[in-house]
Amino acid sequence: MAGDERGTFRRAPRQERSRTTVDAIFEAASRLLDESGLEAATTNRIAHVAGVSIGSLYQYFPKKEALFGALTERAIEHDLARVRASVDAARDLPLEEGVRVMIQESFAFALHRPRLFGWMLRYLPQLGLLPAVERMERALIAECRRFFEDHRAEIGDVDIDMMAIAGVGAIRGAVVTLARERPDEMEALAALHDRGGGPGWWRELFRQLAENLAAYPAYTKDDLARIPNPTLLIAGGNDLWGNLDQMTDMQRAIPNAELLLINNAPHVVQHTHPWIVGPQVLDFLARNSG
């Protein structure tokens, strides 16, 4: 685990009993963060819920930040493992059904523990885990590409790399943005869909997303070069799930494209920085109208 190298653990668990203790601590911390928030998740309460002494907790984690960092790293690893398993499971499935399986796994943790997921997103920079998230994103793109490669006969002659980037951006970006910007709605997502069509109907969302992704146009650079209209690309500098290199490549490929990059802005920059985006869009339209 990357956390061992960074000193996350004071003493790494090696025996089965030690691993069981650490798992109990992780589970207790996850429950308290998800149910009551950061302030309630004190080391004393975590130890109590885990059924261990505070001394046992400190044997493995020198401070609360170390525990939360290790917990987040563990969630990242498990998230990626679920996606890898879903790609393996979807290998022999039709394209649309396989995409649905992948989407279900992408949403699983966020829907199971939405508050914990939102908390992790908020504190990733403070925990020094942005590099781990970037590595995870690259790994997700590789897994998505592997899935599309397995289904190349159904997809046809398209740019699979571009399709994988678009797929990860669409699925993960939707989850991350909703959890960060509207965490209460994330928590109520399953219940909202259930009310519309009965218990479990929220899975219809996955079917719709699968259909959209299966039909997603995988534009090549030659396709982008044929766009005749002036184009404004907008990106946030702190977009964890965006791809600034891709945006730059798009700007270069589209003949009349401009790139508006807003520092310290997240994925939904038009919502978080409207005082910047609005005037820039109006200026772009004024310069390119007629």
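Taking segment 96-110 only, how many residues are within 24 Å of residue 32 (Cα to Cα) and either surrounded by fewer than 17 Cβ atoms within 10 Å (Cβ to Cβ) or free of Cβ contacts under 8 Å to residues at least 60 places away in the same chain (or both)? Lay out the reasoning, then the answer.
At the first step, the residues of segment 96-110 found to be within 24 Å of residue 32 (Cα to Cα) are 105-110.
Subsequent filtering for residues that are either surrounded by fewer than 17 Cβ atoms within 10 Å (Cβ to Cβ) or free of Cβ contacts under 8 Å to residues at least 60 places away in the same chain (or both) retains 105, 108-109.
Here the count works out to 3.
Can you report the number of residues in segment 272-290 which are of a type outside the set (Phe, Trp, Tyr) and either surrounded by 13 or more Cβ atoms within 10 Å (Cβ to Cβ) or assigned to a loop (DSSP other than H, G, I, E, B) (or both)?
Count: 9.
Say we look at segment 48-69 and pick out the residues that are over 29 Å from the mean Cα position of the chain (by Cα) and of a type outside the set (Ser, Thr, Tyr); which of these is nearest to residue 124 (Cα to Cα)?
57
I'd like to check something: does segment 39-46 contain any residue that is surrounded by 16 or more Cβ atoms within 10 Å (Cβ to Cβ), of a type outside the set (Val, Ile, Thr) and at pLDDT below 85?
Within segment 39-46, one or more residues are surrounded by 16 or more Cβ atoms within 10 Å (Cβ to Cβ), of a type outside the set (Val, Ile, Thr) and at pLDDT below 85.
Picking from 266, 230, 255, which residue would you name as being in contact (Cβ under 8 Å) with a residue 40 or more places away in the chain, within 18 Å of residue 288 (Cα to Cα) and not polar (S, T, N, Q)?
Just one listed residue meets the conditions, 230.
With the checklist (1) part of a helix (DSSP H, G or I); (2) without any contact (Cβ under 8 Å) to a residue 12 or more places away in the chain in hand, flag the one item residue 93 doesn't pass.
Condition not satisfied by residue 93: (1).
Of all residues in segment 234-274, count the ones that are in contact with an Asp or Glu (Cβ under 7 Å, 6 or more places away or on another chain) and aliphatic (A, V, I, L, M).
Looking only at that region, the number is 1.
Consider segment 119-168. How many of its residues are part of a loop (DSSP other than H, G, I, E, B) and on the phi < 0 side of the Ramachandran plot?
9
The values are calculated or read from the model by the stated rules, or taken from the named source; none is laboratory data. Since this is a predicted model, take the numbers as computed values, not measurements. Every residue, glycine among them, receives a Cβ derived from its backbone with ideal geometry; neighbour counts consider all protein chains shown.
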